[in-house]
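Participant: Dropping the structure in here first, questions after.
The values are calculated or read from the model by the stated rules, or taken from the named source; none is laboratory data. Keep in mind the model is a prediction, meaning the values are calculated, not measured. No Cβ is skipped: glycine too gets one built from the backbone with ideal geometry, and neighbour counts run over all protein chains shown. In case anyone asks, the SASA skips ligands and DNA or RNA and just uses the protein heavy atoms, side chains included. Shrake-Rupley method; radii C 1.70, N 1.55, O 1.52, S 1.80 Å.
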Amino acid sequence: MAFCRIPGANMQATQPTFFKQGPKPLTRVLIFSTLSVALLVGDAYYQMLARVREQISVLLYPLQWVATAPVNAALEASSFLQRQTELIAENRQLNDERLLAQGQAMRLKALEAENAHLRALKQASEHQPRQSQLSKILYNGRDPFGAKLVVDLGERAGVKEGQIALDASGVVGQVVRVQPMTSEVRLISDRGHMVPVMVERNQLRTVVYGSGRQNLLEVRNMPPNADIKAGDVLITSGIDGIYPPGLPVAVVSKVERTAGSAFARIQCKPLAGIDQHRFLLLMNPPATLPPYPETSPTPKPKGH
Amino acid sequence: MPISRQMLRPVGGGFIFMSFICAMLINLLPWQVTSVNFAPDFVALLIIYWTLNQPRRFGIAWAFTLGLLMDVADGNLLGQHALAYSIIAYLTLSRQRQIAVFPFWQQALITLALLLLAQSIMLLIHLLMGAQFIGWSYFAGSLLAAFLWPPLSNLMIMYQRKDVPDEL
């Protein structure tokens, strides 16, 4: 914009440059500040700028790709140069494991067939195996206020809002914003992010809250006498309709029961390597839950 | 030596554009979570640099546009970088004639103040939206960026210094 409004050479020839500044900077800054604030308000409270964001993100995708390409290339090169002997040893070991796994797989197949039969009998859809996609992490969101990742699959790859992100050891987060080429994953450690969980040991239902990127997760509002102790594993309970049941989320690392307070202070460590991997599995959300019965009181607020 | 006392050849729009492409690339690098606070914001740094040295070609409108790009790239609230960048571009512009003749180390101090201001604006927006203060290490990147100012300025005018006096 500034390029076209102020033809530099022309002005220099006709006017003493010292006095000339173009349109007043103050008016310009006022215009752009107002515009920014309007955008902020529009984005924060009305979410009406999704289209704008999508357009800009397509523009940015080549840059994002170039920025991450060298790192990926270096990682691939280093893995290519692994020593031969290591590979051979690993190969042998994997062969052994494969044999073992095949045996188990045979048993699993029988179980699966049985399971499918039972499921057909029960006509329940919530435990259907779901479609999932492997996606690569492009980068961490730079914003230190939230805990977000940007991954390399977007709308074009069929990613949808509400999909959950997993790694090999547990839940990582949830897709919150989908752009044509990329999408944003909100980590479970993001402040205010809630996951409905239960204690694996005794099926005690509760909710685990994120409390900031580098902080541990928290279980709030549990009475001091609740049966929960350090070392308990929390798995998703599946009652929110977002996270399917049975996925490991966190392990309780500390339980403080202070005499004065109404609630126990329970801290948990996420099981998934939230800051460690380069690949995430995006899994489709469960099929829609049956509606609440009509006689029920107001529905409970759901965790997101 | 400040830029305004030297004989320099004009900067092309393409060079400015390329410098921002590079800055964006650095900002988009996959920073580790532990080091993300220390990563200097090169886009902000270059906005100050070009506003200071090419006030005719580079102004608040461009700062705003780049801010929008940064917002989308980071998945922030749309407009937080745009607001911060517009304001620092304006402040630079309003004292441009003074600051441009300062030696680099003084410019670095001013840059530090401007970058801290930009971060404070973003912090304020987050606080207004209900976030909690995340500790003083949030400002570490600006400190680092200010240290980078003199080498960056030298690097940028190296391009302009080439073979000018021969033609005169």
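Participant: Beyond 12 Å, what percent of the Cα pairs of the stretch A:162-217 remain?
Facilitator: 70 percent
Participant: So, one more: When you take every Cα atom in the stretch B:56-168, what is the radius of gyration, and what is Dmax, the widest Cα pair distance, in Å?
Facilitator: In order Rg, Dmax, the Cα atoms of the stretch B:56-168 give 16.5, 60 Å.
Participant: Determine how large the accessible area of B:HIS81 is when every protein chain is in place; take a 1.4 Å probe and give Å² rounded to the nearest 10.
Facilitator: For B:HIS81, solvent-accessible area is about 10 Å².
Participant: Using a Gaussian network model on chain B with a 10 Å cutoff between Cα atoms, which of B:LEU52, B:LEU115, B:LEU148 fluctuates the most?
Facilitator: Between B:LEU52, B:LEU115, B:LEU148, it is B:LEU148 that shows the largest mean-square fluctuation.
Participant: Give the residue from B:PHE38, B:GLY130, B:THR92 lying farthest towards the positive end of the charge dipole for the stretch B:3-162; charges sit on Cβ (+1 for Lys and Arg, -1 for Asp and Glu) and the dipole is referred to the Cα centre.
Facilitator: Of B:PHE38, B:GLY130, B:THR92, it is B:THR92.
Participant: Using protein heavy atoms only (no ligands, DNA or RNA), what is the total accessible area buried between B and A, 1.4 Å probe, nearest 100 Å²?
Facilitator: Buried area (both sides, nearest 100 Å²): 4800 Å².
Participant: Also, quick follow-up: Per 5 Å bin, what is the whole-percent P(r) computed from every C-alpha pair distance within the stretch A:131-286?
Facilitator: Computed distribution, short to long bins: 2, 10, 20, 22, 19, 13, 8, 4, 2, 1, 0.
Participant: Show that you can apply the helix-only estimate: for chain B, add -39,500 (n - 2.57) for every DSSP H stretch of four or more residues, divide by all residues, and state [θ] at 222 nm to the nearest 500.
Facilitator: The helix-only estimate for chain B comes to -21500 deg cm²/dmol at 222 nm.
Participant: For every other residue with a beta carbon closer than 14 angstrom to the beta carbon of B:ASN27, add +1 if it is Lys or Arg and -1 if Asp or Glu, then tell me the sum.
Facilitator: Around B:ASN27, the surrounding residues sum to -3.
Participant: What do you get for the angle between helix B:80-94 and the principal long axis of chain B? Use alpha-carbon atoms, 0 to 90 degrees, nearest ten.
Facilitator: So the inclination is approximately 40 degrees.
Participant: Further, regarding this structure: For a Förster distance of 41 Å, can you work out the FRET efficiency between the beta-carbons of B:LEU8 and A:LEU75, rounded to the nearest 0.05?
Facilitator: On the way: r = 42 Å, r/R0 = 1.01.
The calculated FRET efficiency here is 0.50.
Participant: Scan chain B and report its longest stretch carrying no trypsin sites (Lys or Arg not before Pro) that are both in a DSSP loop and have at most 16 other Cβ atoms within 10 Å.
Facilitator: After excluding every exposed loop site, the longest remaining stretch is B:1-94.
Participant: Next question, about the same structure. How long are the semi-axes of the equivalent ellipsoid of the stretch B:13-85, taking √(5λ) for every eigenvalue λ of the Cα gyration tensor, in whole Å from largest down?
Facilitator: On the way: eigenvalues 90, 40, 21 Å².
After scaling each eigenvalue by five and taking roots: 21, 14, 10 Å.
Participant: Would you please give the residues with an amide H less than 5 Å from that of A:VAL207, counting only those at least 5 places away or on a separate chain, with H modeled from the backbone geometry?
Facilitator: A:VAL197, A:ARG220
Participant: Could I ask something else about it? In a GNM of chain B with a 10 Å cut-off on Cα contacts, which of B:LEU123, B:LEU45, B:LEU25 has the highest mean-square fluctuation?
Facilitator: Ranking B:LEU123, B:LEU45, B:LEU25 by mean-square fluctuation puts B:LEU25 first.
Participant: The stretch B:119-133: which residues show an accessible-area loss of 30 Å² or more, assembly versus chain alone, 1.4 Å probe?
Facilitator: SASA drop of 30 Å² or more in the stretch B:119-133: B:HIS126, B:MET129, B:GLN132.
Participant: Between helix B:42-53 and chain B, what is the angle of the helix's C-alpha long axis to the longest principal axis, kept within 0 to 90° and rounded to the nearest 10?
Facilitator: Roughly 40 degrees between the two axes.
Participant: Any chance you could get the radius of gyration and Dmax over the Cα atoms of the stretch A:148-194, in Å?
Facilitator: 10.3, 29
Participant: Give the residue list of chymotrypsin sites (Phe, Trp or Tyr not before Pro) in the stretch B:81-168 that are DSSP loop and have at most 16 other beta-carbon atoms within 10 angstrom.
Facilitator: For chymotrypsin sites (Phe, Trp or Tyr not before Pro) across the stretch B:81-168 that sit outside H, G, I, E and B with at most 16 neighbouring Cβ atoms in 10 Å, the list reads B:PHE133.
Participant: Which residues of the stretch A:137-152 end up with at least 30 Å² less accessible area in the presence of all protein chains than when their chain stands alone, using a 1.4 Å probe?
Facilitator: A:TYR139, A:ASN140, A:ARG142, A:ASP143, A:PRO144, A:PHE145
Participant: Here is a follow-up. Just subtract the alpha-carbon distance of B:SER94 and B:ALA113 from 0.36 nm times their residue separation and send over the number in nm, one decimal.
Facilitator: That works out to 5.4 nm of additional length.
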